[in-house]
Amino acid sequence: MFDNFPLWPEQASSVAASVDALYIFFLIVSIGMTALLYFILIFFAARYRRQPGIKATPNEGSLVLELSWSIAPMFVFVAMFLFGAVVFFQERTPPKDATEVYVVAKQWMWKLEHMEGQREINELHVPVGQNVKLIMTSQDVIHSFFVPAFRLKTDVLPGRYTIMWFRATKPGTYHLFCAEYCGTQHSGMIGSIVVMEPAQYQAWTNGGSTGPLSVEGEKLFSELGCATCHRQDAQGRGPALAGVFGRPVTLEDGRTVVADENYLRESIMDPQAKIVRGYKPVMPTFQGLVTDEQMGALVAYIKSLAPAKPADVLNKASLTAPDRAAAKGGQAR
Amino acid sequence: MSTPAAIVPAVEREDYLNKEYGVWSWLLTVDHKRIALLYLASVTFFFFIGGIFALLVRLELLTPAGDLMQADTYNKAFTMHGMVMVFFFLIPVVPAVLGNFLIPLMIGAKDLAFPRINLLSWYLYIFGGSLMVHCMLTGGVDTGWTFYTPFSTAFTNTKIIEAGLAAFMAGFSSILTGLNFIVTIHRMRAPGMTWSRLPLFVWAHYATSIIQILGTPVIAITILLVAAERLFHLGVFDPKLGGDPLLFQHLFWFYSHPAVYIMILPSMGVISELIACFSRKRIFGYNFVALSSIGIAVIGFIVWAHHMFVAGISLYAALIFSALTYLVGVPSAIKTFNWTATMYKGSIRYDAPMLYAFGFLGLFIVGGLTGLFLAALGIDVHVTDTYFVVAHFHYIMVGGTLMAYLGGIHFWWPKITGRLYPEGWARLAALIVFVGFNLTFFPQFILGYVGMPRRYYQYPPEFQVLNILSTAGATILGLGYLLPMIYLTWSMRYGKPAPDNPWHAAGLEWTVQSPPTTFNFPQEPVVTWEAYNYDEIDDVHPHEEAPVAR
């Protein structure tokens with residue numbers, strides 16, 4: 001895989017072929033344009049070189065020529081823009097069925113948490129053919145998650161989530177680079193993406209799990225006393241959270257926001273920022289009390305609370321008792 | 001226009017160089033030509049410093065392992081390379097040296113509108129530069145020239161404030177120069193020098209000045225905010241303090257993208273002069289070339305977020321900025337086509353300045369077209385923050401700006417110094433620079449597409465061959481840049497005395513003696529001819545084979 005003189009990166013994701021096709025289209029247009037202009041320049045330079053007794057022929061410009069070489073590139077540009085935008089939409093629209101991985105970047109390592117509970121550092125195992133959505137945040141400075149073989153890259157910011165998705169198409173081990181300069185060991189903040197056959201992946205999954213991420217989140221939810229107010233029966237001081245993920249929420253000031261990962265995160269870190277209509281701004285901030293990894297678990301848990309699943313309600317019921325006790329401690333802080 | 005016959009008198013004439021002697025006659029001068037020479041010396045000094053850092057970076061990258069220096073040292077090396085080259089070389093180089101020297105001469109004025117402010121600009125530049133050198137010698141900075149937050153405000157412990165202040169002062173120097181040029185071009189034109197008779201060099205500088213005075217204050221404010229967050233924990237950019245790191249990137253690129261046009265537009269002006277003179281023709285589509293400079297300046301202000309497609313901006317913002325970026329390609333294409341068309345049925349000579357102009361076109365075409373790749377959202381996601389970007393902007397900012405600057409310096413050298421440069425050496429240098437440049441930066445396009453991120457101190461071994469090629473090219477390129485420094489310096493003393501108009505070029509600057517007198521024109525000129533009237537000039541001097549003394 002690692003030759004000494006690669007001219008082309010491996011194609012290992014569902015979008016890689018489209019990006020390469022786009023790139024080849026641009027290469028053809030620009031090589032053609034460069035060759036044409038170089039040819040004309042060299043031809044003119046040779047054909048009209050200074051010769052004794054021959055004077056330059058004056059010109060006064062030509063409106064037709066000016067308009068045509070101003071307008072013609074625009075058509076090419078429109079094609080380039082549209083082609084580029086189509087591929088971008090493909091790169092940026094995560095399919096609904098994607099499994100999720102929470103990514104926390106810090107100087108100078110990558111921490112990755114699977115929904116099933118596996119935790120990895122600088123290495124991400126994924127099955128071939130599976131849509132994977134990365135929910136990423138940084139503990140310190142800006143980083144960037146870059147996998148050349150996937151042709152994908154997204155910056156990872158402190159204080160918010162950025163989303164990236166891919167579907168690996170070829171088993172193998174691929175570079176993971178940090179592409180946004182982040183300090184001393186920026187070039188050491190590298191890792192690998194291990195794409196495995198589903199069976200192999202299954203075997204890998206069976207070892208090393210500490211239980212699903214949402215279960216960890218559930219535990220935190222109870223330890224931090226969240227359930228005291230965010231009660232299942234919607235009678236608490238805070239809104240019930242079952243099924244809230246992905247739904248529009250009406251705020252106190254009449255605006256509507258979609259409760260995505262970033263909204264959930266913000267509501268935990270800065271609860272006063274966007275108050276849900278009908279509720280009082282009584283929630284304390286959890287800034288400094290919840291690490292980025294714990295935040296991932298909490299978000300994963302809230303997302304797992306689908307309204308239609310009776311099993312969840314049962315889970316909830318079993319939670320309430322110990323929550324009360326924990327709630328006092330949590331709120332006193 | 002009838003060009004005065006080229007006379008080299010036996011008795012020394014008085015000119016701006018020999019009128020006064022002594023250190024103070026230079027340090028307190030308000031003569032735009034002497035200030036231009038002060039800038040010439042200072043930007044050359046900073047080019048040398050920036051070049052040394054570039055060489056260190058390229059040497060480290062010869063091998064995949066980090067072996068020549070520490071990671072922190074490497075990070076400081078590329079940061080200092082970027083900051084010195086951008087703020088202290090590329091931005092001032094053409095306007096402050098050639099623009100300063102030529103604009104009054106080209107429009108028939110005895111100086112810029114505000115000669116003292118012109119000197120103040122140079123002092124601000126020098127204070128900023130000294131601060132930069134001091135910062136460099138006492139520890140340096142490791143953020144990259146982009147100062148991205150929150151790394152720069154909360155995580156690095158290097159000399160951010162000092163480097164920021166240096167850039168801040170250089171910025172004010174740039175604002176004052178731009179202001180001076182705008183007022184000069186509006187108010188100081190000789191009778192008959194209408195807007196449509198202005199050399200395209202002047203149009204290009206006018207457009208540049210607009211960017212300088214509108215854009216630079218934004219970076220100045222941004223630097224102050226970074227300093228305030230760093231010193232007083234004012235939460236502007238750091239999310240821990242309630243700030244937004246993307247706000248920094250918006251503000252930074254709002255200036256720093258137009259800054260690329262501050263670097264390239266004046267060079268485009270130089271190229272128009274060179275191509276017209278060495279093709280003996282009026283520039284094809286004068287109006288279109290002139291207005292495309294203004295077009296670039298205006299559209300250049302609304303494309304900044306194309307630096308942020310993967311930074312966390314919304315999908316729709318990305319779409320809009322991608323589309324606008326293509327729009328800015330149009331005026332650049334117009335210029336390139338018009339320069340090419342100017343050569344049609346011309347009478348072309350390949351003197352060194354024209355070789356540099358050819359070099360400019362060759363590199364600018366590649367740089368411009370690869371800009372289209374980066375404007376395409378689908379490709380940018382993959383290649384942004386890789387060596388593809390590094391290659392692209394070096395093709396524009398170094399291939400473009402520096403080629404044109406060298407072409408311009410050779411072209412006007414006889415006027416500036418009163419001496420001729422050695423033509424053979426100059427042609428050789430132009431060739432070496434072109435070859436060295438392509439060998440340095442072309443492999444980086446490939447390197448970027450295969451995935452090598454920029455600002456990497458060590459890298460996976462499969463990237464080594466391309467890096468070796470690049471370093472080899474940089475060595476050749478370094479040699480190519482040293483040559484003109486040597487022979488031009490030599491020619492100041494030993495070069496043949498230059499006639500007043502060695503190229504039989506059009507333009508008011510060639511109607512005065514070489515070097516000019518302090519107030520440029522014996523009496524105020526009255527312009528009755530169009531720009532680039534090569535047709536008329538060549539009727540007076542019918543196509544002599546060698547108008548220039550070799």
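The values are calculated or read from the model by the stated rules, or taken from the named source; none is laboratory data. Source: prediction; values computed, not measured. Neighbour counts are summed over all protein chains in view; Cβ atoms, including those assigned to glycine, are modelled from backbone coordinates with ideal geometry.
Summary table
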quantity: Selected residue (only one of A:Phe77, A:Phe88 is without any contact (Cβ under 8 Å) to a residue 12 or more places away in the chain and either among the small types (Gly, Ala, Ser) or closer than 22 Å to B:Lys335 by Cβ (or both)); calculated: A:Phe77
quantity: Boolean, B:Ile49 is at pLDDT 95 or above and crowded, with 22+ Cβ neighbours inside 10 Å; calculated: no
quantity: Strands (runs of 3 or more DSSP E) contained entirely in the range A:150-265, each with at least 1 residues that are charged (D, E, K, R) and without any contact (Cβ under 8 Å) to a residue 40 or more places away in the chain; calculated: A:152-156
quantity: Tally of residues being of a type outside the set (Val, Ile, Thr) and in a loop (DSSP other than H, G, I, E, B) across the range A:277-296; calculated: 11
quantity: Residue list for the range B:67-112, restricted to those being aromatic (Phe, Trp, Tyr) and under 21 Å from A:Ser187 (Cβ atoms); calculated: B:Tyr74, B:Phe78
quantity: The range A:28-68: number of residues that are loosely packed, with under 12 Cβ neighbours inside 10 Å and either over 56 Å from the mean Cα position of the chain (by Cα) or part of a loop (DSSP other than H, G, I, E, B) (or both); calculated: 4
quantity: Options B:Leu315, B:Leu377, B:Leu369; residue that is farther than 26 Å from B:Leu214 by Cα and at pLDDT below 95; calculated: B:Leu315
quantity: Filter result (aliphatic (A, V, I, L, M), assigned to a strand (DSSP E or B) and in contact (Cβ under 8 Å) with a residue 60 or more places away in the chain) within the range A:127-149; calculated: A:Ile135, A:Val147
quantity: Enumeration of residues in the range A:154-177 that are within 7 Å of chain B (Cβ to nearest Cβ) and within 11 Å of A:Ser144 (Cα to Cα); calculated: A:Thr154, A:Asp155, A:Leu157, A:Thr162, A:Phe177
quantity: The listed residue being modelled with pLDDT of 95 or more and at the interface with another protein chain (Cβ under 9 Å from one of its Cβ atoms), out of A:Ile24, A:Ile54, A:Ile40; calculated: A:Ile40
quantity: The listed residue being over 12 Å from B:Pro95 (Cα atoms), over 22 Å from the mean Cα position of the chain (by Cα) and of a type in the set (A, V, I, L, M), out of B:Ile213, B:Ile219, B:Ile185, B:Ile223; calculated: B:Ile223
quantity: The range A:89-121, residues that are of a type in the set (Asp, Glu) and within 14 Å of A:Asp140 (Cβ to Cβ); calculated: none
quantity: Residues satisfying the stated conditions in the range A:83-101, i.e. exposed (fewer than 13 other Cβ atoms within 10 Å of the Cβ) and more than 9 Å from chain B (Cβ to nearest Cβ); calculated: A:Pro95, A:Lys96, A:Asp97
quantity: Positions within the range B:8-46 being among the basic types (Lys, Arg) and either touching a helix residue (DSSP H, G or I) at 6+ places or on another chain (Cβ under 6 Å) or modelled with pLDDT of 90 or more (or both), in sequence order; calculated: B:Lys33, B:Arg34
quantity: Inter-residue pairs, beta-carbon under 7 Å, first over 12 Å from A:Pro9 (Cβ atoms) and more than 7 Å from chain A (Cβ to nearest Cβ) and in the range B:445-460, second of a type outside the set (Phe, Trp, Tyr) and not in a loop (DSSP other than H, G, I, E, B), 6+ apart; calculated: B:Phe445/B:Thr370; B:Phe445/B:Ala391; B:Arg454/B:Thr386; B:Arg454/B:Val389; B:Arg454/B:Val390
quantity: Any hit, the range A:101-121, residues being in a strand (DSSP E or B) and in contact with a Phe, Trp or Tyr (Cβ under 6 Å, 6 or more places away or on another chain); calculated: yes
quantity: Among (1) buried (at least 23 other Cβ atoms within 10 Å of the Cβ); (2) at the interface with chain B (Cβ under 9 Å from one of its Cβ atoms); (3) under 15 Å from the mean Cα position of the chain (by Cα) - the single one A:Val141 does not satisfy; calculated: (3)
quantity: Options B:Phe252, B:Phe278, B:Phe237: the member that is assigned to a helix (DSSP H, G or I), more than 27 Å from B:Asn533 (Cα to Cα) and within 14 Å of another protein chain (Cβ to nearest Cβ); calculated: B:Phe252
quantity: Filtered residue count, the range B:531-546, keeping only those that are more than 10 Å from chain A (Cβ to nearest Cβ) and at pLDDT 90 or above; calculated: 1
quantity: Listing of helices (runs of 4 or more DSSP H) fully contained in the range B:59-142 that carry 1 or more residues being within 14 Å of another protein chain (Cβ to nearest Cβ) and free of Cβ contacts under 8 Å to residues at least 40 places away in the same chain; calculated: B:71-83
quantity: Odd one out for A:Leu124 among (1) aliphatic (A, V, I, L, M); (2) touching a helix residue (DSSP H, G or I) at 6+ places or on another chain (Cβ under 8 Å); (3) in contact (Cβ under 8 Å) with a residue 40 or more places away in the chain; calculated: (2)
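So that you can scan it fast, the table gives a plain yes or no per residue for (1) more than 19 Å from B:Thr63 (Cα to Cα); (2) of a type in the set (Val, Ile, Thr); (3) part of a loop (DSSP other than H, G, I, E, B):
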{"residue": "B:Tyr456", "(1), (2), (3)": "no, no, yes"}
{"residue": "B:Leu466", "(1), (2), (3)": "no, no, no"}
{"residue": "B:Leu469", "(1), (2), (3)": "no, no, no"}
{"residue": "B:Thr475", "(1), (2), (3)": "no, yes, no"}
{"residue": "B:Tyr481", "(1), (2), (3)": "yes, no, no"}
{"residue": "B:Leu488", "(1), (2), (3)": "yes, no, no"}
{"residue": "B:His504", "(1), (2), (3)": "yes, no, yes"}
{"residue": "B:Pro522", "(1), (2), (3)": "yes, no, yes"}
{"residue": "B:Val527", "(1), (2), (3)": "yes, yes, yes"}
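A quick yes/no check of all residues on (1) more than 25 Å from the chain's Cα centre (by Cα); (2) surrounded by 20 or more Cβ atoms within 10 Å (Cβ to Cβ):
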site: B:Ile468; (1), (2): yes, no
site: B:Ile476; (1), (2): no, no
site: B:Leu479; (1), (2): no, no
site: B:Leu483; (1), (2): no, no
site: B:Met492; (1), (2): no, no
site: B:Lys496; (1), (2): yes, no
site: B:Pro516; (1), (2): no, yes
site: B:Thr528; (1), (2): yes, no
